[in-house]
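Engineer: Provided herewith is a single structure, encoded as structure tokens, for subsequent inquiry.
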Amino acid sequence: MKKLNISTLISFIFLLCMTLIWIFPLAWAFFSSFKDEVDIQTYGFSMLPVHWVITNYQDLLFDNSSTPVAKWFMNSMIISVTQTVMVLVVVSMAAYGYTRLRFKGRDWLFSFLLASMMFPAVVNLIPLYKIIDTLGWVNTYWAAIVPGAAAVFNVFLVRQFMIGIPLELDESARIDGANDFQIYTKVTLPLIKPVLTVVALFTFTSSWNDFLWPSIVFNDIDRMPITPGLQLLQGMYVTDIGHAMSAALIAIVPTFILYLFTQRYFLQSMSLSSGVKG
């Protein structure tokens, strides 16, 4: 019993220390967003503001045309939501094809797709940019949406989840006169909702936080998403820390809310065999 108590105490202390290490920079950023630049420069690495101000947020959201954070926020929202919806459609249909439909070379084709995951994404940057430029999509939302619409890992994740759904359900639906599309929409989709929720969570977060690719395909400030736009808040010789912290906090709000409301789906999806209950 003593060993159990000691080990539990050590685990608790370790996890508490890790939590503090993770949350301290976030707390400092939060309080710094309510400081004016004079306080930051004068009092250095102090936690609480000497004078609480909201001018940093006002400047970013209403009074700043050179760094339009509100526009960047809406651009990121449009890109992330559209890409998430597109990914859910493409990935779920692809996974259905690789698990439910029978066609020649199906397994070989899926193995080839998995093998493509071995190549780093940076290898595709130049040819992908040439394609986007040829299509005339530079500085458009499509440049950030379409390239990530068919992630192989998401297809693999949904396929593995879908394998756990008995084929007898499909056969019963066929006996009742349902075709493949009806089986996909009426039978399969409701059963894979947990894993699709996790795919949506991963896709939205990845799209929202993407920095490299939007920095390449966007050079119009008004069309830029918020993550690459944050770099414009850093001056060549000096950086307004209060504005930078305020913009960073604005940028993490959607992903924080998303994780807050989808935790149970995330945990549920960790068991790939949980597609059918009871």
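The values are calculated or read from the model by the stated rules, or taken from the named source; none is laboratory data. What you see is a predicted model, and the numbers here were worked out from it, not measured in a lab. Backbone-built Cβ (ideal geometry, glycine too); neighbour counts: all protein chains shown.
Per-residue answers, yes or no, for (1) surrounded by fewer than 17 Cβ atoms within 10 Å (Cβ to Cβ); (2) more than 15 Å from MET86 (Cα to Cα); (3) among the hydrophobic types (A, V, I, L, M, F, W, C):
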{"position": "ALA150", "(1), (2), (3)": "yes, no, yes"}
{"position": "ARG174", "(1), (2), (3)": "yes, yes, no"}
{"position": "PRO194", "(1), (2), (3)": "no, yes, no"}
{"position": "SER207", "(1), (2), (3)": "no, no, no"}
{"position": "PHE211", "(1), (2), (3)": "yes, yes, yes"}
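Engineer: Tally the residues that are surrounded by 18 or more Cβ atoms within 10 Å (Cβ to Cβ) and at pLDDT 80 or above, restricting the search to region 250-278.
Structural biologist: 3
Engineer: Same structure again: Do the conditions hold for TRP52, that is, is it in contact (Cβ under 8 Å) with a residue 12 or more places away in the chain and buried (at least 18 other Cβ atoms within 10 Å of the Cβ)? So that I can check it myself, show each step before the final result.
Structural biologist: Values: in contact (Cβ under 8 Å) with a residue 12 or more places away in the chain: yes; buried (at least 18 other Cβ atoms within 10 Å of the Cβ): no.
No; evaluated as a whole, the condition is false for this residue.
Engineer: Let me ask something additional. List the helices (runs of 4 or more DSSP H) that sit entirely inside region 1-81 and contain at least 1 residues that are within 31 Å of the chain's Cα centre (by Cα). Can you show your working first?
Structural biologist: Values: elements: 2-32, 37-43, 55-61.
Fully inside region 1-81 and qualifying: 2-32, 55-61.
Engineer: Based on what the data block shows, is TYR96 under 30 Å from ASP220 (Cβ atoms), within 25 Å of the chain's Cα centre (by Cα) and touching a residue at least 12 places away in the same chain (Cβ under 8 Å)? Walk me through it before giving the result.
Structural biologist: Working: under 30 Å from ASP220 (Cβ atoms): no; within 25 Å of the chain's Cα centre (by Cα): yes; touching a residue at least 12 places away in the same chain (Cβ under 8 Å): yes.
It is false that TYR96 is under 30 Å from ASP220 (Cβ atoms), within 25 Å of the chain's Cα centre (by Cα) and touching a residue at least 12 places away in the same chain (Cβ under 8 Å).
Engineer: If you scan region 95-108, which residues turn out to be surrounded by 12 or more Cβ atoms within 10 Å (Cβ to Cβ) and over 25 Å from VAL198 (Cα atoms)? Quick ask: steps written out before the conclusion?
Structural biologist: So the first thing to find is which residues in region 95-108 are surrounded by 12 or more Cβ atoms within 10 Å (Cβ to Cβ), and the list is 95-100, 106.
ARG106, the sole residue that qualifies.
Engineer: Then there is this: Test of understanding: among SER92, SER65, SER80, SER76, which residue is of a type in the set (Gly, Ala, Ser) and surrounded by fewer than 10 Cβ atoms within 10 Å (Cβ to Cβ)? Break it down into steps so the answer makes sense when it comes.
Structural biologist: Values: SER92 fails: surrounded by fewer than 10 Cβ atoms within 10 Å (Cβ to Cβ); SER80 fails: surrounded by fewer than 10 Cβ atoms within 10 Å (Cβ to Cβ); SER76 fails: surrounded by fewer than 10 Cβ atoms within 10 Å (Cβ to Cβ).
Answer to the selection: SER65.
Engineer: Mind checking which pairs have a first residue in region 55-80 that is over 13 Å from ASP220 (Cα atoms) and a second that is of a type in the set (Phe, Trp, Tyr), Cβ under 7 Å, 6 or more apart or different chains?
Structural biologist: As it stands, the answer is SER76/TRP208; ILE78/TYR141; ILE79/TYR141; SER80/PHE204; SER80/TRP208, since those pairs meet every condition given.
Engineer: Scanning for something within 30 Å of ILE54 (Cβ to Cβ) and either in contact with a helix residue (DSSP H, G or I) (Cβ under 7 Å, 6 or more places away or on another chain) or of a type outside the set (Ser, Thr, Tyr) (or both), does region 149-165 turn up at least one residue? Before you say what the answer is, go through the steps one by one.
Structural biologist: Step one: list which residues in region 149-165 are within 30 Å of ILE54 (Cβ to Cβ), which gives none.
Within region 149-165 (the criterion being within 30 Å of ILE54 (Cβ to Cβ) and either in contact with a helix residue (DSSP H, G or I) (Cβ under 7 Å, 6 or more places away or on another chain) or of a type outside the set (Ser, Thr, Tyr) (or both)), the answer is no, since none of the residues qualifies.
Engineer: When region 142-178 is examined, which residues are found to be over 29 Å from the mean Cα position of the chain (by Cα) and in a helix (DSSP H, G or I)?
Structural biologist: Selection gives LEU167, GLU168, LEU169, ASP170, GLU171, SER172, ALA173, ARG174, ILE175.
Engineer: Here are PRO166, PRO225: which of them is crowded, with 20+ Cβ neighbours inside 10 Å and either touching a Ser or Thr at 6+ places or on another chain (Cβ under 8 Å) or at pLDDT 85 or above (or both)?
Structural biologist: Details: PRO166 fails: crowded, with 20+ Cβ neighbours inside 10 Å.
Just one listed residue meets the conditions, PRO225.
Engineer: So, one more: Within region 179-247, considering only helices (runs of 4 or more DSSP H) that don't extend past its boundaries, which have at least 1 residues that are under 22 Å from ILE54 (Cα atoms), small (Gly, Ala, Ser) and in contact (Cβ under 8 Å) with a residue 12 or more places away in the chain?
Structural biologist: Working: elements: 180-183, 193-209, 212-217, 226-229.
Because the criterion is at least 1 residues that are under 22 Å from ILE54 (Cα atoms), small (Gly, Ala, Ser) and in contact (Cβ under 8 Å) with a residue 12 or more places away in the chain, the helices (runs of 4 or more DSSP H) in region 179-247 that meet it are 226-229.
Engineer: Identify the single condition in (1) closer than 17 Å to SER246 by Cα; (2) modelled with pLDDT of 85 or more; (3) not hydroxyl-bearing (Ser, Thr, Tyr) that LEU48 does not satisfy, given that it satisfies every other one.
Structural biologist: (2)
Engineer: Can you name the number of the only condition in (1) in contact with a helix residue (DSSP H, G or I) (Cβ under 8 Å, 6 or more places away or on another chain); (2) basic (Lys, Arg); (3) more than 30 Å from GLY242 (Cα to Cα) that LYS104 fails?
Structural biologist: (1)
Engineer: Continuing with the same structure: Kindly establish whether ILE40 is closer than 24 Å to VAL198 by Cβ and either of a type in the set (Ser, Thr, Tyr) or in contact (Cβ under 8 Å) with a residue 40 or more places away in the chain (or both). Talk me through it step by step, then tell me what you get.
Structural biologist: Numbers: closer than 24 Å to VAL198 by Cβ: no; either of a type in the set (Ser, Thr, Tyr) or in contact (Cβ under 8 Å) with a residue 40 or more places away in the chain (or both): yes.
So ILE40 does not fit the description; no.
Engineer: Output the residues belonging to region 184-220 that are more than 24 Å from PHE153 (Cα to Cα) and more than 22 Å from the chain's Cα centre (by Cα).
Structural biologist: LYS186, ASN219, ASP220
Engineer: Related question: Can you tell me which condition VAL123 does not meet? The list is (1) modelled with pLDDT of 90 or more; (2) surrounded by fewer than 13 Cβ atoms within 10 Å (Cβ to Cβ); (3) assigned to a helix (DSSP H, G or I), and all the others hold.
Structural biologist: Unmet condition: (1).
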